[in-house]
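Engineer: The structure is given below, and queries will be raised subsequently.
The values are calculated or read from the model by the stated rules, or taken from the named source; none is laboratory data. What you are looking at is a predicted structure, and each value in this text was computed from that prediction instead of being measured. Cβ atoms come from the backbone with ideal geometry, glycine included; neighbour counts cover every protein chain shown. Protein only, heavy atoms only, side chains kept; ligands, DNA and RNA dropped before computing areas. Shrake-Rupley method; radii C 1.70, N 1.55, O 1.52, S 1.80 Å.
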Amino acid sequence: NNLDTETTIHWHGIRLDNKFDGVPDLTQEAVKPGDSFMYELIFPDPGLYWYHPHLREDYQQELGLYGMIFVNPVNGDQFNEVNREEIFVIDDILIEGEDVLDFDKESTNLALMGRFGNIMLVNGETDYKLNVKKGEVVRFYFANVANTRTFNLMIPGSRMKLVGSDGGL
(Lines give C-alpha, C1' and ligand atoms only; values in the text may rest on other atoms or scores of the structure.)
Protein backbone atom coordinates (compact mmCIF):
# COMPACT_ATOMS: atom_id res chain seq x y z
CA ASN A 1 0.00 0.00 0.00
CA ASN A 2 1.70 3.14 -1.21
CA LEU A 3 -1.27 5.35 -0.32
CA ASP A 4 -1.45 7.71 2.64
CA THR A 5 -4.48 5.84 4.07
CA GLU A 6 -5.43 2.24 4.81
CA THR A 7 -7.01 0.32 1.96
CA THR A 8 -8.35 -2.98 0.69
CA ILE A 9 -9.41 -4.08 -2.78
CA HIS A 10 -12.91 -5.42 -3.47
CA TRP A 11 -13.58 -7.44 -6.62
CA HIS A 12 -16.94 -7.32 -8.43
CA GLY A 13 -18.33 -10.52 -9.90
CA ILE A 14 -15.18 -12.64 -9.59
CA ARG A 15 -15.65 -15.96 -7.83
CA LEU A 16 -12.90 -16.01 -5.21
CA ASP A 17 -12.04 -17.19 -1.73
CA ASN A 18 -13.83 -15.03 0.83
CA LYS A 19 -10.51 -14.05 2.46
CA PHE A 20 -9.66 -12.11 -0.74
CA ASP A 21 -12.98 -10.21 -0.99
CA GLY A 22 -11.54 -7.01 0.44
CA VAL A 23 -14.23 -6.08 2.96
CA PRO A 24 -12.31 -4.56 5.90
CA ASP A 25 -12.81 -6.16 9.32
CA LEU A 26 -15.07 -8.80 7.75
CA THR A 27 -13.02 -10.72 5.17
CA GLN A 28 -9.60 -9.15 5.73
CA GLU A 29 -7.76 -6.57 7.79
CA ALA A 30 -7.15 -3.15 6.26
CA VAL A 31 -3.73 -2.78 4.66
CA LYS A 32 -1.89 0.06 6.38
CA PRO A 33 0.32 2.49 4.44
CA GLY A 34 3.64 0.78 3.73
CA ASP A 35 2.24 -2.73 4.33
CA SER A 36 1.14 -5.24 1.71
CA PHE A 37 -1.42 -7.98 1.13
CA MET A 38 -1.31 -10.57 -1.66
CA TYR A 39 -4.64 -11.21 -3.38
CA GLU A 40 -4.91 -14.57 -5.14
CA LEU A 41 -7.48 -14.63 -7.92
CA ILE A 42 -8.57 -17.05 -10.60
CA PHE A 43 -10.91 -16.16 -13.44
CA PRO A 44 -13.18 -19.12 -14.20
CA ASP A 45 -15.90 -17.05 -15.88
CA PRO A 46 -15.76 -14.86 -18.99
CA GLY A 47 -16.91 -11.26 -18.77
CA LEU A 48 -15.96 -7.80 -17.57
CA TYR A 49 -15.08 -7.38 -13.91
CA TRP A 50 -13.85 -4.48 -11.91
CA TYR A 51 -12.13 -3.74 -8.62
CA HIS A 52 -12.07 -0.78 -6.27
CA PRO A 53 -11.10 0.06 -2.68
CA HIS A 54 -13.42 -0.78 0.18
CA LEU A 55 -12.07 1.90 2.50
CA ARG A 56 -12.45 5.60 1.85
CA GLU A 57 -14.05 5.09 -1.57
CA ASP A 58 -14.90 8.79 -1.46
CA TYR A 59 -11.18 9.54 -1.63
CA GLN A 60 -9.32 6.55 -3.08
CA GLN A 61 -11.78 5.54 -5.78
CA GLU A 62 -12.54 9.13 -6.74
CA LEU A 63 -8.84 9.66 -7.47
CA GLY A 64 -8.61 6.57 -9.68
CA LEU A 65 -8.02 3.47 -7.58
CA TYR A 66 -10.09 1.09 -9.68
CA GLY A 67 -9.65 -1.00 -12.77
CA MET A 68 -11.28 -3.35 -15.23
CA ILE A 69 -10.46 -6.99 -15.93
CA PHE A 70 -11.76 -8.55 -19.12
CA VAL A 71 -11.80 -12.35 -19.31
CA ASN A 72 -12.24 -13.84 -22.79
CA PRO A 73 -14.43 -16.94 -23.11
CA VAL A 74 -12.50 -20.19 -23.52
CA ASN A 75 -14.72 -21.24 -26.40
CA GLY A 76 -16.01 -18.66 -28.86
CA ASP A 77 -19.67 -19.71 -28.78
CA GLN A 78 -20.38 -18.53 -25.24
CA PHE A 79 -21.58 -15.12 -26.46
CA ASN A 80 -23.47 -14.17 -29.62
CA GLU A 81 -21.21 -13.16 -32.49
CA VAL A 82 -20.58 -9.44 -32.89
CA ASN A 83 -18.41 -7.33 -35.16
CA ARG A 84 -16.45 -5.95 -32.21
CA GLU A 85 -16.50 -5.26 -28.48
CA GLU A 86 -15.93 -1.98 -26.65
CA ILE A 87 -15.42 -1.26 -22.95
CA PHE A 88 -16.76 1.97 -21.44
CA VAL A 89 -15.75 3.17 -18.00
CA ILE A 90 -18.23 5.85 -16.95
CA ASP A 91 -17.60 8.21 -14.06
CA ASP A 92 -18.06 11.71 -12.77
CA ILE A 93 -15.68 13.98 -10.88
CA LEU A 94 -16.19 17.14 -8.87
CA ILE A 95 -14.07 19.99 -10.21
CA GLU A 96 -13.90 23.37 -8.52
CA GLY A 97 -12.03 26.02 -10.45
CA GLU A 98 -9.42 24.08 -12.38
CA ASP A 99 -8.78 21.24 -9.93
CA VAL A 100 -10.49 18.35 -8.14
CA LEU A 101 -12.34 19.59 -5.04
CA ASP A 102 -10.16 18.94 -1.98
CA PHE A 103 -10.60 15.85 0.18
CA ASP A 104 -10.28 15.57 3.94
CA LYS A 105 -7.75 12.79 4.55
CA GLU A 106 -9.10 12.04 8.03
CA SER A 107 -12.83 11.82 7.29
CA THR A 108 -15.37 12.15 4.51
CA ASN A 109 -16.19 15.76 3.74
CA LEU A 110 -19.29 15.20 1.61
CA ALA A 111 -21.16 11.87 1.33
CA LEU A 112 -20.18 8.59 2.96
CA MET A 113 -19.28 6.74 -0.26
CA GLY A 114 -18.51 9.71 -2.45
CA ARG A 115 -19.93 12.79 -4.03
CA PHE A 116 -21.72 13.77 -7.19
CA GLY A 117 -19.36 15.20 -9.76
CA ASN A 118 -20.01 18.09 -12.10
CA ILE A 119 -17.91 16.66 -14.96
CA MET A 120 -18.94 13.42 -16.72
CA LEU A 121 -16.25 11.09 -18.02
CA VAL A 122 -16.22 8.20 -20.49
CA ASN A 123 -12.95 6.26 -20.46
CA GLY A 124 -11.41 9.20 -18.61
CA GLU A 125 -12.39 11.76 -21.24
CA THR A 126 -15.02 14.49 -21.28
CA ASP A 127 -15.55 14.24 -25.04
CA TYR A 128 -15.10 10.54 -25.81
CA LYS A 129 -16.08 9.57 -29.35
CA LEU A 130 -16.46 6.20 -31.02
CA ASN A 131 -17.21 5.61 -34.69
CA VAL A 132 -19.51 2.72 -35.53
CA LYS A 133 -20.52 1.72 -39.05
CA LYS A 134 -24.20 1.46 -39.91
CA GLY A 135 -25.34 -2.14 -39.39
CA GLU A 136 -22.30 -3.03 -37.29
CA VAL A 137 -23.13 -5.07 -34.17
CA VAL A 138 -21.08 -3.93 -31.20
CA ARG A 139 -21.10 -5.47 -27.75
CA PHE A 140 -20.63 -2.70 -25.19
CA TYR A 141 -19.35 -3.40 -21.71
CA PHE A 142 -20.21 -0.58 -19.31
CA ALA A 143 -18.65 -0.18 -15.89
CA ASN A 144 -20.00 2.56 -13.66
CA VAL A 145 -17.12 3.53 -11.35
CA ALA A 146 -18.81 6.67 -10.00
CA ASN A 147 -18.98 6.61 -6.22
CA THR A 148 -22.55 7.90 -5.98
CA ARG A 149 -24.10 8.59 -9.37
CA THR A 150 -26.18 6.17 -11.39
CA PHE A 151 -26.39 6.72 -15.13
CA ASN A 152 -29.29 6.34 -17.55
CA LEU A 153 -27.42 5.24 -20.67
CA MET A 154 -28.65 5.57 -24.22
CA ILE A 155 -27.24 6.02 -27.69
CA PRO A 156 -29.57 8.25 -29.71
CA GLY A 157 -30.80 6.55 -32.88
CA SER A 158 -29.64 3.10 -31.76
CA ARG A 159 -31.31 0.08 -30.25
CA MET A 160 -29.72 -1.34 -27.13
CA LYS A 161 -30.41 -4.65 -25.42
CA LEU A 162 -29.23 -5.54 -21.92
CA VAL A 163 -27.68 -9.02 -21.98
CA GLY A 164 -25.96 -9.14 -18.60
CA SER A 165 -25.24 -7.25 -15.40
CA ASP A 166 -22.99 -7.19 -12.35
CA GLY A 167 -22.48 -10.75 -11.20
CA GLY A 168 -23.63 -12.65 -14.27
CA LEU A 169 -23.88 -13.01 -18.01
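Engineer: Set the Förster distance to 22 Å, then compute FRET efficiency between Arg149 and Ile69 from the Cβ-Cβ distance, nearest 0.05.
Structural biologist: FRET efficiency, Arg149 to Ile69: 0.45.
Engineer: How large is the charge dipole for the range 1-103, taken about the Cα centre, if only the Cβ atoms of Lys, Arg (+1) and Asp, Glu (-1) carry charge, to the nearest 20 debye?
Structural biologist: I would put it at about 520 debye.
Engineer: Just the number please: accessible area per residue for the chain, 1.4 Å probe, all protein chains included, in Å².
Structural biologist: Dividing the accessible area of the chain by its residue count gives 67 Å².
Engineer: Ignoring ligands, DNA and RNA, what percent of the 1.4 Å accessible area of the chain is carbon and sulfur?
Structural biologist: The computed percentage sits at 51.
Engineer: Hey, of (i) 8, 26, 25, 17, 11, 7, 5, 1, 0; (ii) 9, 37, 40, 14, 1; (iii) 9, 32, 33, 20, 6, 0, which did the structure itself give for P(r) over Cα pairs in 10 Å bins from 0, in percent when calculated?
Structural biologist: Here P(r) over Cα pairs in 10 Å bins from 0, in percent agrees with entry (iii).
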